[in-house]
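Worksheet: the structure to be examined is printed underneath.
The values are calculated or read from the model by the stated rules, or taken from the named source; none is laboratory data. This structure is a prediction, so every number in the text was calculated from the model and none was measured. Note that we place each Cβ from the backbone using ideal geometry, even for glycine, and neighbour counts take in every protein chain shown. Ligands, DNA and RNA are excluded from the accessible area calculation, which covers all protein heavy atoms including side chains. Shrake-Rupley method; radii C 1.70, N 1.55, O 1.52, S 1.80 Å.
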2 protein chains.
Amino acid sequence: MTNLEPIDRAILRVLSEDGRCSFTDLAEKVGLSVSAVHQRVRRLEQRGVLRGYAARLDHEQVGLPLTAFISLTPIDPSAPDDYPQRLAALPEVQSCYSVAGDESYILLVRVAKATALEDLLRRIREVANVSTRTTVVLSTPYEDRPPAV
Amino acid sequence: MTNLEPIDRAILRVLSEDGRCSFTDLAEKVGLSVSAVHQRVRRLEQRGVLRGYAARLDHEQVGLPLTAFISLTPIDPSAPDDYPQRLAALPEVQSCYSVAGDESYILLVRVAKATALEDLLRRIREVANVSTRTTVVLSTPYEDRPPAV
DNA sequence: TCTGAAATAGAGACATC
DNA sequence: GATGTCTCTATTTCAGA
C-alpha cells in the first residue's frame, strides 16, 4: 500500500461514488483549490492508484440480465496455465479470479438468457479444456459498493 | 431489455471504458453532434440504463490487496431473509449476490490482510447467523471488463 | 504543494429544421 | 430527434509563494 494522505483518500472516496464529479465540486468537497485538486488527481492517475473511470450500467436494461459464477478445474493439470488469456476472448467473461481451493479460477459472466449461458459453457470448455461448475445469480442486492478508502 | 439503438450502444461502450469522456469526444466517436449526444446521455441516465459513473481504483495501492469470495449458508432456515441488509453494514463487503445452489449468498469482500479477513468472518457470522465458506483470491487477471453492449 | 489568474475547451440551454 | 449557436462554467496551464 502506497502512503495515501487523508485528502487523497477523500478525493478517491468522492470519485468512487461520482466518477464524473467536476474539479470545481471536488475542490469544494475536499477543501482545496481547484488547481491543487487537479494536481492531486493527475498524480493519483500517474501513480496508478486511480486506474480510470467507468460508467455503471444497468445489466438488465443493457440486455445481459443473467449473471453467473463459473468455477474452473483444469482437466490436464500439466497444461500451461494460460486460461485467463484464452478466456479473455469470450466477451461474456467480465471478471477472472485465480483462487485458492478445490478449483483454479472463478469467472463472473453475464449473458442474455439461459441458452446463452449453456452456449458460453460449451465455448469455455472448448477454449480452455476445463471442467466447469456454475452458480447462477438469482438477484444482486448490491454490487461494486465504493470501498471504505 | 429496453430497446437500445446502435448509437446508444456505442455511447454506452465508450462510457464503459472512459467514464469521464467529454461530450465533444463522445460526439466525434459516435458520429453525432454534441447536443444530440448530450440529449441521448441524459435520456439514458433518466431511463436508468446509465446508473452512474465510478472511479476504478487499484485495490492494492488503496490498502485492500486481499480479495475473497465468501459463501453463506443460513443456520436457521426459518429466519427472515434480511441478510443483504445486515451485511451492508460491513464496508468490506463490496458485492452481495443471492445465488441458486447449496449456498444462499456469495459475497465479494476486500480487506487489508489475512487477520482482517479472519475478523471480518467473525463479524459476518455475528451479524447474520450464517455459516461461511471462504475462497481466497490469489490474483485477478482481469476484472469488470466492459460488457459487449 | 499550494494559490490565483489567464487562456482554452466543454457543458448546457435554446430556437430551428 | 438532430443541428448550430450562444452563454456560462469548467478545465488546464503557468508564474509565484
Quiz item: Taking the range A:97-132, which residues are surrounded by 13 or more Cβ atoms within 10 Å (Cβ to Cβ), within 28 Å of B:R110 (Cα to Cα) and within 9 Å of another protein chain (Cβ to nearest Cβ)?
Solution: A:Y97, A:S98, A:V99, A:G101, A:E103, A:Y105, A:I106, A:L108, A:R110
Self-check item: Whichever residue in the range A:1-15 is more than 29 Å from B:V149 (Cα to Cα) and open to solvent by 60 Å² or more (accessible area, probe 1.4 Å) and, among such residues, is farthest from DNA strand D (Cβ to nearest atom)
Solution: A:M1
Exercise. Tell me, please, whether a residue that is in contact with a Gly (Cβ under 9 Å, 6 or more places away or on another chain) and small (G, A, S) can be found in the range B:16-36.
Key: yes
Practice problem: Scan the range A:16-56 for residues that are open to solvent by less than 70 Å² (accessible area, probe 1.4 Å) and within 15 Å of B:H59 (Cβ to Cβ) and report the count. | Solution: 7
Quiz prompt | Among (1) within 18 Å of the chain's Cα centre (by Cα); (2) in contact (Cβ under 8 Å) with a residue 40 or more places away in the chain; (3) more than 10 Å from chain A (Cβ to nearest Cβ); (4) open to solvent by 40 Å² or more (accessible area, probe 1.4 Å) - the single one B:I70 does not satisfy | solution = (4)
